[in-house]
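K.L.:
Pasting a structure below so you can have a look.
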Amino acid sequence: MSTPIHAPPQTLAILKALHSQSLLQESSLPPLPPRCTPAFNEIMSDKFIALEQDKACFVYNLLRSMNAKNVIEAGTSFGVSTIYLALAVSQNVERSGGSGNGSGRVVATENEPGKAEKARENWSLAIGGEGEGEGVEGVIDLRVGDLLETLKGDLGVVDFLLLDIWTPLALPTLKLVQPSLRSGAVIIADNTVSSYEDYTALREYVENPENGFRRMLLPFKGGLDMIIYEPRA
Ligand SMILES: C[S@@+](CC[C@H](N)C(=O)[O-])C[C@H]1O[C@@H](n2cnc3c(N)ncnc32)[C@H](O)[C@@H]1O
């Protein structure tokens, strides 16, 4: 059977293991305090909370079809979804005759230095191309710290933004990145049904026609929003 993403067996095996670890950890989470409080951040400081595998495969294929080469990930954690983004970007660069590294970029963001370090370790194990050599790390620009600071500059023209971040940060992040989005850029936001109330501000913003977005809810578990940026000329 073919796999829904194009990656060498070593990388597929790593992804499978990381998703399993994440799900196992999530199944034993205690009741959570409100997001972004010190108590919440403390509990989450060593948790994956990785994007589910089916959503990650969807995102990979969306990026391949959009030919996305400049991607931002809001919320990296241990770098699981980043591997999918980096595979897609490096393969898009390769398809257009580039060298893989250098002409495509995934800007990854993580506040917890320990998680950022673990993400780098995971990326060092993942191979991106046809199996011979190039890792995914070459296209990743990891910015450690509060993304509301680290995303303030050097974004280039952005094709895609993954909002896999605590919900109070979703709208501030979108507003920060919006001036760099190209027309036709796509934003994916996770758990928009299971965290419906928490996404009210983001939803109202993207549903206001003056802001230049269209929103579709995709039928993944917990809800996945696909938001297209098409500002009026
Ligand atoms: C849902 S997890 C991301 C999961 C990741 N996308 C994956 O699939 O593996 C959200 C991450 O955002 C990080 N985070 C929270 N607030 C942040 C901030 N202000 N700046 C950067 N990262 C932050 C958390 O530490 C957490 O690891």
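Quick note: the coordinates plus some simple rules give every number you see, no bench work behind them. Computed from a prediction, not measured in an experiment: that's the story for all the values here. Every residue, glycine among them, receives a Cβ derived from its backbone with ideal geometry; neighbour counts consider all protein chains shown.
K.L.:
Please compute the alpha carbon radius of gyration of the chain, then divide it by the globular-protein estimate 2.2 N^0.38 Å. Two decimals is fine.
P.N.:
The reported ratio for this selection is 0.96.
K.L.:
Further question on the same structure: Please compute, for the alpha-carbon atoms of the stretch 151-233, the extent along each of the three principal axes and give them in descending order in Å.
P.N.:
32, 25, 19
K.L.:
OK, next. Show the residues, 5+ positions off or on another chain, whose built amide H is closer than 5 Å to the amide H of GLY212.
P.N.:
Residues meeting the amide H criterion: none.
K.L.:
Further question: Taking the highest mean first, how do the peptides 83-91, 45-53, 29-37 order by number of other beta carbon atoms within 10 angstrom per residue?
P.N.:
The densest-packed peptide leads the list: 83-91, 45-53, 29-37.
K.L.:
While we're on this one: In the chain, if the dipole is taken from +1 on Lys/Arg beta carbons and -1 on Asp/Glu beta carbons about the Cα centre, which of ALA86, SER27, TYR229 is farthest to the positive end?
P.N.:
Looking along the dipole axis, the top candidate is TYR229.
K.L.:
Give me a comma-separated list of calculated 3J(HN,Hα) values for the stretch 142-153, in order, Karplus coefficients 6.51, -1.76, 1.60 applied at θ = phi - 60°, integers in Hz, x for any Gly or Pro.
P.N.:
Per residue, the Karplus-derived 3J(HN,Hα) values read 8, 10, 8, x, 5, 4, 5, 9, 6, 9, 6, x Hz.
K.L.:
Using the Karplus equation 6.51 cos²θ - 1.76 cosθ + 1.60 (θ = phi - 60°), what ³J(HN,Hα) coupling, rounded to whole Hz, does each residue of the stretch 38-53 give in order, writing x for Gly and Pro?
P.N.:
x, 5, 5, 4, 5, 4, 7, 5, 10, 10, 5, 6, 6, 4, 4, 4
K.L.:
Just to check I understand the Karplus step: with θ = phi - 60° and J = 6.51 cos²θ - 1.76 cosθ + 1.60, what whole-Hz values come out for the stretch 178-189, glycine and proline as x?
P.N.:
Result, rounded to whole Hz: 3, x, 9, 6, 7, 5, x, 4, 10, 10, 10, 10.
K.L.:
Also, I was wondering about something else. About its Cα centre, how strong a charge dipole does the stretch 9-229 have in debye, to the nearest 20, once Lys and Arg get +1 and Asp and Glu get -1 at the Cβ?
P.N.:
400
K.L.:
Can you list the lysines whose alpha carbon sits under 26 Å from that of LYS55, skipping same-chain ones fewer than 8 residues off?
P.N.:
LYS16, LYS47, LYS69, LYS115, LYS118, LYS175, LYS221
K.L.:
Gap in Å between the Cα centre of the stretch 173-231 and the Cα centre of the stretch 62-92?
P.N.:
So the two Cα centres are separated by 18 Å.
K.L.:
Under 10 °C and 1.306 mPa s, how fast does the stretch 5-94 diffuse according to Stokes-Einstein, given a Kirkwood radius computed over C-alpha pairs? Answer in µm²/s, whole number.
P.N.:
The diffusion coefficient I find is 111 µm²/s.
K.L.:
Under a plain spin-label model, where a point goes 7 Å from the Cα along Cα-to-Cβ, how far apart in nm are SER20 and GLU121?
P.N.:
With each label placed 7 Å out from Cα toward Cβ, I get 1.8 nm.
K.L.:
Rounded to the nearest 5, what % of the DSSP beta bridges within the chain are antiparallel ones?
P.N.:
40
K.L.:
Going by average Cβ density within 10 Å per residue, which order do the peptides 157-167, 69-79, 181-191, 116-126 take, highest to lowest?
P.N.:
Top to bottom by mean Cβ count within 10 Å: 69-79, 157-167, 181-191, 116-126.
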